[in-house]
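Take a look at the structure below.
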């Protein structure tokens with residue numbers, strides 16, 4: 001059945017798993033982005049910079065995974081595979097829920113630990 005909705009959000013990692021053609025943002029296979037912490041949207045700028053179009057495609061699935069939901073067509077409840085919206089230079093991304101809390105969102109009562 002799916003995971004219970006979480007009171008505290010989960011960490012979600014976006015990983016580039018395939019690039020065909022030329023990605024306008026120069027994303028490469030193996031790049032990872034912590035969508036829960038310090039993400040920058042743009043086409044250039046460094047290792048924390050994610051293409052805005054890729055983020056737009058990933059955002060609905062990110063919200064589901066972040067708060068404990070599932071995508072019933074996936075074989076693993078903690079993973080979602082999605083494409084970027086560029087049909088001529090497709091980048092395939094994997095969203096992975098990690099059962100740890102981002103450092104910016106401590107559990108209630110642990111704020112000062």
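A compact table of results
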quantity	calculated
Sorted by Cβ neighbour density within 10 Å, fewest at the top, the residues 44, 75	75, 44
Descending Cα extents along the principal axes, the stretch 11-97, whole Å	32, 27, 19
Rough spin-label spacing in nm, given labels placed 7 Å along Cα→Cβ, for residue 98 and residue 79	1.6 nm
Neighbour-count ranking [beta-carbon atoms within 10 angstrom, fewest first] of 16, 24	24, 16
Net length gained if the chain between residue 67 and residue 48 were fully extended (0.36 nm per residue, minus Cα distance)	4.6 nm
Difference of contour (0.36 nm per residue) and Cα-Cα distance, residue 39 to residue 20	4.5 nm
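Where a number appears in this text, it was derived from the coordinates with a stated rule and is not lab data. Note that this is a predicted model, so its numbers are computed, not measured. Virtual Cβ from ideal backbone geometry, glycine too; neighbours counted across all protein chains shown.
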